[in-house]
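Let me begin by presenting the structure, written as structure tokens, before commenting on it.
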Amino acid sequence: MKPEIRKDYFKDEYVIIAPGRGNRPHKTINAPDPVGVCHFCPDGMHHEKVTYHDNGRTGEWEIISVINKFAALEPDNHSAYGQSEVIIETRRHGMNLSEFSVDHIVRIFNAYIHRYDALRAMPGVKHVIVFKNEGGRAGASIPHSHSQIMALPILPPKIEKEAREYNKYYLENDSCPYCDIIKLETGRPRFIWEDKHLFVLAPYASDCPYGAWLIPKRHIRRISDLTHSEKESIAMALKIVLGKMDEMGVSYNYFIENSVNGEDYHMHIKIAPRPNIWAGLELGTGVIINPVPPEEAAKLYRGQIELDNKIES
Ligand SMILES: [Zn+2]
Ligand SMILES: [Zn+2]
């Protein structure tokens, strides 16, 4: 394939898909140190302010949310108002999310939803973001599976731009861009996986190698609208996609994109591997070179699914 400049489905954003040009993700230390005690281990915690806990069947916590001790934003700081919490996804040190059971991932999503709703209700909060960093290059400093949730007193420009371009597309087409992406990519080479509730694809103008989007088939605005079955579908898809990334040794982020201020939107999850240090063109212009065509990424993930099915049967 020759290099191609591609525009996003509906946003004014461009990438250059250029196979073999630039660095593919290379193995990072993504297999966390299975031993040791960290700040997120039950024995490493001291006086944490717990805002949510899920004790499962054991009676001891299995998933908790705590106020981030090293937070950039705090409710009593008028110069940097907000709240920052860490959702510790397991009491076991050194596990990756893809190794959890579907039920456990559903419970992690229940924790996200509880804290998302609570932080949205804080006075003066304009936006709440839920995200996960896994692996050294993605910015995670502790090899203990966790996510973060932050309440911001401002609407970040990137989120505002997404909402503006979503609304523009809706006005011009009388339909939702994400509902349309599902229709457009069904049966196409960028398709990765689907079931009754969820559609997974490698986006046409992916700004990172092996990037993937998880879009619920139902047009819902935010994470709190997910049903139990929809959460199970998300858990299965995360196990497929993140399992492959773990196998390749690629670190990643994922972000949950929700409606702004309860306005119309189509909630979805974007998975972004953190492959390489950005080069000059990317830093200087914002135009990104992606050396892995999304079609190739989708094929790789579908191969993983076929492999999983073979093992099961
Ligand atoms: Zn730990
Ligand atoms: Zn939609």
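The values are calculated or read from the model by the stated rules, or taken from the named source; none is laboratory data. Here the structure is a predicted model, which is why all the values come from computation and not from measurement. Neighbour counts are summed over all protein chains in view; Cβ atoms, including those assigned to glycine, are modelled from backbone coordinates with ideal geometry. Keep in mind that these areas ignore ligands, DNA and RNA; they rest on the heavy atoms of the full protein, side chains included. Shrake-Rupley method; radii C 1.70, N 1.55, O 1.52, S 1.80 Å.
Quick one: count up the residues across the stretch 36-55 that are exposed (fewer than 12 other Cβ atoms within 10 Å of the Cβ) and of a type in the set (D, E, K, R). Write out each step before concluding.
Quick first cut of the stretch 36-55, residues exposed (fewer than 12 other Cβ atoms within 10 Å of the Cβ) only: 43, 46-47, 49, 55.
If we keep only those that are of a type in the set (D, E, K, R) as well, we get 43, 49.
Residues that pass the stated criteria total 2.
Could you figure out which of (1) open to solvent by 30 Å² or more (accessible area, probe 1.4 Å); (2) under 26 Å from ALA237 (Cα atoms); (3) of a type in the set (Phe, Trp, Tyr) isn't true of TYR112?
Only one criterion in (1) open to solvent by 30 Å² or more (accessible area, probe 1.4 Å); (2) under 26 Å from ALA237 (Cα atoms); (3) of a type in the set (Phe, Trp, Tyr) is unmet by TYR112, namely (1).
Please work out which one of (1) within 16 Å of ligand 1 (Cβ to nearest atom); (2) modelled with pLDDT of 85 or more is the condition THR51 fails and give its number.
Every condition holds for THR51 apart from (1).
Tell me, yes or no, whether the stretch 166-178 has at least one residue that is open to solvent by less than 30 Å² (accessible area, probe 1.4 Å) and within 16 Å of ligand 1 (Cβ to nearest atom). Break it down stepwise before answering.
First, the residues of the stretch 166-178 that are open to solvent by less than 30 Å² (accessible area, probe 1.4 Å): 166, 175-178.
Restricting the remaining residues to those that are within 16 Å of ligand 1 (Cβ to nearest atom) gives none.
There is no residue in the stretch 166-178 that is open to solvent by less than 30 Å² (accessible area, probe 1.4 Å) and within 16 Å of ligand 1 (Cβ to nearest atom).
Would a scan of the stretch 95-104 turn up a residue that is out of contact with any His (no Cβ under 7 Å at 6 or more places or on another chain) and either under 24 Å from SER259 (Cβ atoms) or in a strand (DSSP E or B) (or both)?
Of all residues in the stretch 95-104, those out of contact with any His (no Cβ under 7 Å at 6 or more places or on another chain) come to 95-104.
Right, trim to either under 24 Å from SER259 (Cβ atoms) or in a strand (DSSP E or B) (or both) and you get none.
The answer is no; no qualifying residue exists.
Being more than 25 Å from ARG120 (Cα to Cα) and within 16 Å of ligand 1 (Cβ to nearest atom) narrows it down to one residue among PRO189, PRO203, PRO143, PRO209; which is it?
Result: PRO143 is the single residue among PRO189, PRO203, PRO143, PRO209 that is more than 25 Å from ARG120 (Cα to Cα) and within 16 Å of ligand 1 (Cβ to nearest atom).
Condition test on SER206, is it within 16 Å of the chain's Cα centre (by Cα) and either within 16 Å of ligand 2 (Cβ to nearest atom) or crowded, with 18+ Cβ neighbours inside 10 Å (or both)?
yes
What pairs come out if I take residues in the stretch 200-222 that are β-branched (Val, Ile, Thr) and pair them with residues that are part of a loop (DSSP other than H, G, I, E, B) whose C-beta lies under 8 Å away, six or more apart or interchain?
Every condition considered, the pairs that remain are ILE215/HIS266; ILE220/LEU226; ILE220/HIS266; ILE220/MET267.
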